[in-house]
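Chemist: Please read through the structure below; I'll follow up with questions.
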Amino acid sequence: SVDPAAFGSLPANVHVEQYVPQSLLFVSVDAVVCHGGFNTVMGALTLGRPLVLAPLSADQPVHARRCAALGVGRVVDGQTLDPAEIRAATRAVSEDTSYREAAQRIQREIAALPDIRAAADIAERAATRAC
């Protein structure tokens, strides 16, 4: 809801939009920097992108810890948001191929999951047995 003009004069390499769907962005990036919300984490991992997570609250710290444990991302302090820390973590996940390899492993696991129709069939069978 913020007008991009509110940011004033910006460097030539910065472009501000009110809204761009993540699905259009993630295909073009080497890493995703985010707070660690479920949809953003899943969107990045569905495309095999490593993450830098700066959790603030709710479920974000849980997702950040799990991403770190799986080797698909680095966690930075979401309260301080130190630019040097974010820059170092972003370089690490972009340059150390183990993060991308781990993210691509998760990407393959996600792709191998049953689709929504299979999930609906499972739910329907379970509901039928329960009756």
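The values are calculated or read from the model by the stated rules, or taken from the named source; none is laboratory data. As the structure is a prediction and not an experimental result, all values here were calculated from the model. Neighbour counts run over all protein chains shown; Cβ positions are idealised from the backbone, glycine included. Quick note on the areas: whole protein, heavy atoms, side chains included, nothing else; ligands and nucleic acids left out. Shrake-Rupley method; radii C 1.70, N 1.55, O 1.52, S 1.80 Å.
Chemist: Could you work out the Kirkwood radius for the range 1-115, taking every pair of different alpha carbons, averaging 1/r and inverting it, reported in Å?
Modeler: Every distinct Cα pair counted, the radius reaches 14.9 Å.
Chemist: Ranking request for peptides 104-117, 71-84, 13-26: highest mean number of other beta-carbon atoms within 10 Å first, then the rest in descending order.
Modeler: Going from most to least packed, we get 71-84, 104-117, 13-26.
Chemist: Express in Å², to the nearest 10, the accessible area of Val41 obtained by rolling a 1.4 Å probe over the protein heavy atoms while all chains stay in place.
Modeler: 10 Å²
Chemist: Now for a different question. By how many nm would the segment from Cys131 to Asp3 grow when fully extended, if each residue of separation counts as 0.36 nm and the alpha-carbon distance is taken off?
Modeler: Between Cys131 and Asp3, full extension yields 40.7 nm more.
Chemist: In percent, what relative contact order does the chain have, based on Cα pairs under 8 Å that are 6 or more apart in sequence?
Modeler: Normalised by residue count, the contact order of the chain is 21 percent.
Chemist: Now for a separate question. Keeping all protein chains in place, calculate the accessible area per residue for the chain (probe 1.4 angstrom), answer in Å².
Modeler: With all protein chains present, the chain gives 67 Å² per residue.
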